[in-house]
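The values are calculated or read from the model by the stated rules, or taken from the named source; none is laboratory data. Since the structure is predicted, the reported quantities are computational estimates derived from the model, not experimental observations. Glycine gets a Cβ as well: all are built from the backbone with ideal geometry, and neighbour counts include every protein chain shown.
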Amino acid sequence: MTIAHNPLGVSLPVSDLLPPEEDVTSLLPGPISLHTQLTERLAADTPGALLVIGLLHGDGAETTTAGNRAVVTTIVARSVRGDDWLGRSGPDQLALVLGGGISGAVTAAARVIGEISALGRPGLGVCAGVSLLEAGVPAREVLRRARTALEAACAAGSGAVSVR
């Protein structure tokens, strides 16, 4: 195998190729990977739930700051167990595919929301939507239910958890 010559003679350190530290959320798998993960879990027919965590932004902002996304991502990533899966389901949404049932997912959501709320960061609020992984229900429907639950939770305000 031949390796192409670099005509520019420029070599970038690996750190220049990675996103900034405050943008760790961009390193997570995205919506396509989430759909694949849900499809695989549903095919395995093992108990599970989808937890979608939404970041609320105040002050008329369209999105949350990269720093707030990084804080939330770090807290959520620390709470993931060995058989759980963490990814992004939208620009300001994290998705956790969890083993177990609804009650475990609601408990996990409440714990994560509590940790984030305890930080007391101005402009940082979160809410969560949960849906059950049910045999015969396609991945897109599980995700739709979780997002509908997330919308209901966000309408209720920061710290709310809703189940569909």
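Worth pointing out:
- Selected residue (criterion: farthest from GLU134 (Cα to Cα)) from residues of segment 44-53 that are at pLDDT 95 or above and not β-branched (Val, Ile, Thr): LEU51
- THR36 passes every criterion in (1) over 12 Å from the mean Cα position of the chain (by Cα); (2) part of a strand (DSSP E or B); (3) of a type outside the set (Phe, Trp, Tyr) apart from (2).
- Here SER15 clears all of (1) in a helix (DSSP H, G or I); (2) surrounded by 15 or more Cβ atoms within 10 Å (Cβ to Cβ); (3) hydroxyl-bearing (Ser, Thr, Tyr); (4) at pLDDT below 90 except the condition numbered (2).
- Total residues in segment 133-153, condition under 16 Å from the mean Cα position of the chain (by Cα) and at pLDDT below 95: 0
Here's the yes/no breakdown for (1) modelled with pLDDT of 95 or more; (2) exposed (fewer than 14 other Cβ atoms within 10 Å of the Cβ):
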residue	(1), (2)
GLY87	yes, no
GLY90	no, no
VAL97	yes, no
ALA118	no, yes
GLY157	no, yes
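- Output for segment 91-103, where each listed residue is out of contact with any Gly (no Cβ under 8 Å at 6 or more places or on another chain), over 13 Å from SER131 (Cβ atoms) and in contact (Cβ under 8 Å) with a residue 24 or more places away in the chain: PRO91
- Here segment 73-94 is the region considered, the condition is being touching a strand residue (DSSP E or B) at 6+ places or on another chain (Cβ under 7 Å) and small (Gly, Ala, Ser), and the residue that is farthest from GLU115 (Cα to Cα) is SER89.
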